[in-house]
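Reading through the structure tokens given below for one structure.
Nothing in this text is a laboratory measurement; each read-out follows from the coordinates by a stated rule. This structure is a prediction, so every number in the text was calculated from the model and none was measured. Methodologically, a virtual Cβ is constructed for each residue, glycine included, from the backbone with ideal geometry; neighbour enumeration extends over all protein chains shown.
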């Protein structure tokens with residue numbers, strides 16, 4: 001089983017945010033977020049992602065979560081880590 005991309009490193013590209021969203025969010029039927037939706041979220045959050053990269057050196061996870069929260073898209077849920085599910 002491959003390990004999913006958690007985006008813990010400093011973000012250097014919006015492409016990292018797209019990958020993070022695809023691998024960490026599903027819809028109500030547990031279908032992973034399609035690339036087209038992840039791209040749309042990233043485009044809508046482009047200004048804050050750019051600031052996060054250029055000014056704040058934010059990590060990918062933070063920028064992806066913030067972009068999704070501010071995109072107006074609903075119905076996506078974060079996939080908990082295996083450790084989180086055991087708590």
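Of note:
- The residues of region 11-36 that are surrounded by fewer than 17 Cβ atoms within 10 Å (Cβ to Cβ) and out of contact with any helix residue (DSSP H, G or I) (no Cβ under 8 Å at 6 or more places or on another chain), listed by number, are 15, 26, 27, 28, 29, 30, 31, 36.
- Considering region 57-72, the residues that are assigned to a loop (DSSP other than H, G, I, E, B) and touching a helix residue (DSSP H, G or I) at 6+ places or on another chain (Cβ under 6 Å) include one that is nearest to residue 46 (Cα to Cα), namely 71.
- From 75, 52, residue being in contact (Cβ under 8 Å) with a residue 40 or more places away in the chain, in contact with a helix residue (DSSP H, G or I) (Cβ under 6 Å, 6 or more places away or on another chain) and not in a strand (DSSP E or B): 52
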